[in-house]
Structures are given as structure tokens and as C-alpha cells.
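Accompanying notes for the structure given below.
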Amino acid sequence: MITTINLNPCIDKSMSVSAFRYGGLNRVLQTRSDVSGKAINVCIAVRRLGCGTECLGFNYNENGKELEETLMFYGIPYEFVMVNGKLRTNTKILDREKQTLTEFNESGGKVTDEDILHLKKVVRRHAAKSSAVVIAGSVPVGVGTGIYRELIEELAEFPVKVILDAEGDLLQEGVNASPYLIKPNLYELQTTFGSSCSTKEEVCSLAREITGRGVEIVCVSLGKEGAVICDRQDAYFAPGLDLEVKGIQGAGDSMVAGMCVAMEKGLPMQEMLRYGMAASAGSLVLEGTQMCGREQFDLYLKKIKTERIRL
């Protein structure tokens, strides 16, 4: 069972334009709305790839039913701590010509200390039956930057592998609790750890330093260039595929899901990278915040190649 923890759920309103004009008129080619949140996206992708999963976290009294209905549609069990307020809306504008994404993300509704304590009890109860726990995304108002470190510490007594996908202080603090795997993108890696690394060798060198802090595996997505993965002994690179990109948001979450599926199968790190890249590609070709399905995954897995990086 792969358990996901999402503290800041949202509704993604996605729009595609042919060439984004700042301060000018933009004609929308496509629009859609999806219930989202990084860990929610992960659990949907995991489910679509055929593995067991569940979702924990916060939900909101005013319109949280939409989140619950989405998870029920996919047959995903969930347990949320209900708090006052409503799901935030994030607006995403994809420029198809440049393949760049402009985002306008709202803050989540305020969460109390009592809500956080309640959530920690929920997490501990579910950890006993989980093989992996994914903690991902931003946090709502009222939640401090140490929350992911605290959750990983809560999970330390259970035989689960913790996957962390965050940025900034949330990631820095989380690394201090030694999760099994982290998956920043290049920008998140550079800004969180104060590095100007850019080549795959430089990225892996920094990632290797992070494994020295207790993280077993570091995977860094490099956008259209591909991704790298490393532990203390080995490092691999997978180049990106030439795709007609329709939706960037959610691709990193599908990558995490693919790696989780590989972990569930007991596959080695090199295959974790291939699974992650295939799932990411399967999301990129879908509009809005849609997660990779089995058909897309099987198609792209055959095309993903990896190479060892010598450091």
C-alpha cells in the first residue's frame, strides 16, 4: 500500500494559449478544471498504474466534497482531517509555443495546531499497513516549515519508505529527518541548496552530497532534458522524449508515482528512473492536470533509455 499525504489540496484551473502575451489579449485554446494537490496527483497516478494507494491530509468543509468525489471515482480510500474554509483554486496558463507554464497559486485555508495533532494521529494509524509514504506539495496557512520533518520523524518507527517532494525550507527541514527518497526539479534543487549546478554531472555531484545527510536516493527532474537519479554508489541519466506537450502540471507527480510502482515491485534504482520517466511522459501528453494511465505508461516505458553517469 502506498500512502500519500496532501496538506494543501486545490482545484487546478488550466488554460492553454498559443503564445502568451503579458499585458495583452490571450485567446484560450483549451480549458479544464481538476482536483489536485501534489500527493493527490501521485495517488491518482499510482491507482491508474494498477497499485494500491490511499490518501490522507486536510480537506475543507465548504467544498471538500469535490475532492472526495474525485477519489471515490478512482476507487481510492481516504481519510481527511476536515478544517474550516474551502479548497483553493490555482490558475495555470500553458504557452504551447514556448512550452512554458505560468502559475497563479492561492494560499490554503488556515489550519490550527489541533488539526495538525489530529493529522499526525491519522498518519501513524495508517503507517502500520503501508510500504511507502509520499509526502508532497505546499502547506496551508498555519502550518510551519518543519511539518514534513515532524511527519517523517513520526514515521521513523514504522517499516515504511518515505518519499518527499517539496521545495525550500520544507525540503531542507525534511531532509534533516532522512527520508528514503527526494525528488526536486532542477530549480527546486538549485534554490533550496544554494547551487548553480546545471549539467547532469554537477546535479549528481550535489545529489551525492545530499545522500550524505541520510537520504538514500535523490532523483532530480531536468524538464525536457530528462532526469537523473543517484544513491551513494551509482548514478543514472534518462534523456527526455520528444513529445507534443499538452500539460506540464502533474508530470513531476506522475514521475513520483512511477517510481513508487517500481519500488513496490522491488525493482532497482535504474528501473525506478525508467518507470518515473515513462509515467511523467504519459502525463505530459494530456491536457491540464491529468495523471498518466496504464496505456500511456506502457507505450513510453519501451522508449525510455538510461545511461550510467561516471562521477
TODO: Check whether at least one residue in region 18-25 is surrounded by 24 or more Cβ atoms within 10 Å (Cβ to Cβ) and either farther than 19 Å from residue 137 by Cα or of a type in the set (Phe, Trp, Tyr) (or both), and report yes or no.
DONE: no
Open item on the list: Take residue 205 and tell me if it is in contact with a Gly (Cβ under 6 Å, 6 or more places away or on another chain) and of a type in the set (S, T, N, Q).
Closed with: no
Open item on the list: Can you go through 220, 203 and tell me which one is part of a helix (DSSP H, G or I), buried (at least 20 other Cβ atoms within 10 Å of the Cβ) and of a type in the set (A, V, I, L, M, F, W, C)?
Closed with: 203
- [ ] Return yes when residue 263 is assigned to a helix (DSSP H, G or I), touching a Lys or Arg at 6+ places or on another chain (Cβ under 7 Å) and surrounded by fewer than 24 Cβ atoms within 10 Å (Cβ to Cβ) and no when it is not.
- [x] yes
Task: Any chance residue 120 is in contact (Cβ under 8 Å) with a residue 12 or more places away in the chain, more than 18 Å from the chain's Cα centre (by Cα) and either at positive phi or part of a loop (DSSP other than H, G, I, E, B) (or both) - done: no
- [ ] Check off (1) assigned to a strand (DSSP E or B); (2) surrounded by 19 or more Cβ atoms within 10 Å (Cβ to Cβ); (3) hydrophobic (A, V, I, L, M, F, W, C) for residue 143 and give me the number that stays unchecked.
- [x] (1)
Open item on the list: For region 252-273, give me each residue that is touching a Gly at 6+ places or on another chain (Cβ under 8 Å) and of a type outside the set (A, V, I, L, M).
Closed with: 254, 258
Open item on the list: Cβ-Cβ under 6 Å, sequence separation 6+ or interchain: first residue in region 170-182 and over 17 Å from residue 7 (Cβ atoms), partner of a type in the set (Gly, Ala, Ser). Which pairs?
Closed with: 178/214
- [ ] Would you mention how many residues in region 80-96 are surrounded by fewer than 16 Cβ atoms within 10 Å (Cβ to Cβ), assigned to a strand (DSSP E or B) and over 19 Å from the mean Cα position of the chain (by Cα)?
- [x] 1
- [ ] Check region 283-296 and report whether any residue there is part of a helix (DSSP H, G or I) and within 17 Å of the chain's Cα centre (by Cα).
- [x] yes
Task: region 149-189, subset small (Gly, Ala, Ser) and farther than 19 Å from residue 252 by Cβ, residue surrounded by the fewest Cβ atoms within 10 Å (Cβ to Cβ) - done: 156
- [ ] Those residues that are more than 26 Å from residue 252 (Cα to Cα) and exposed (fewer than 14 other Cβ atoms within 10 Å of the Cβ), I need them from region 98-115; list them, please.
- [x] 110, 112, 113, 114
Open item on the list: Can you go through 281, 238, 251 and tell me which one is touching a Phe, Trp or Tyr at 6+ places or on another chain (Cβ under 9 Å) and crowded, with 19+ Cβ neighbours inside 10 Å?
Closed with: 281
TODO: Kindly provide the set of residues from region 176-200 that are assigned to a helix (DSSP H, G or I) and either of a type in the set (D, E, K, R) or modelled with pLDDT of 95 or more (or both), ordered by number.
DONE: 188, 200
TODO: Answer yes or no as to whether residue 76 is outside any strand (DSSP E or B), within 20 Å of residue 171 (Cβ to Cβ) and free of Cβ contacts under 8 Å to residues at least 60 places away in the same chain.
DONE: no
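The values are calculated or read from the model by the stated rules, or taken from the named source; none is laboratory data. Please read these numbers as outputs of a predicted model, since none were measured by experiment. Please note: Cβ atoms are built from the backbone with ideal geometry, for glycine as well, and neighbour counts cover all protein chains shown.
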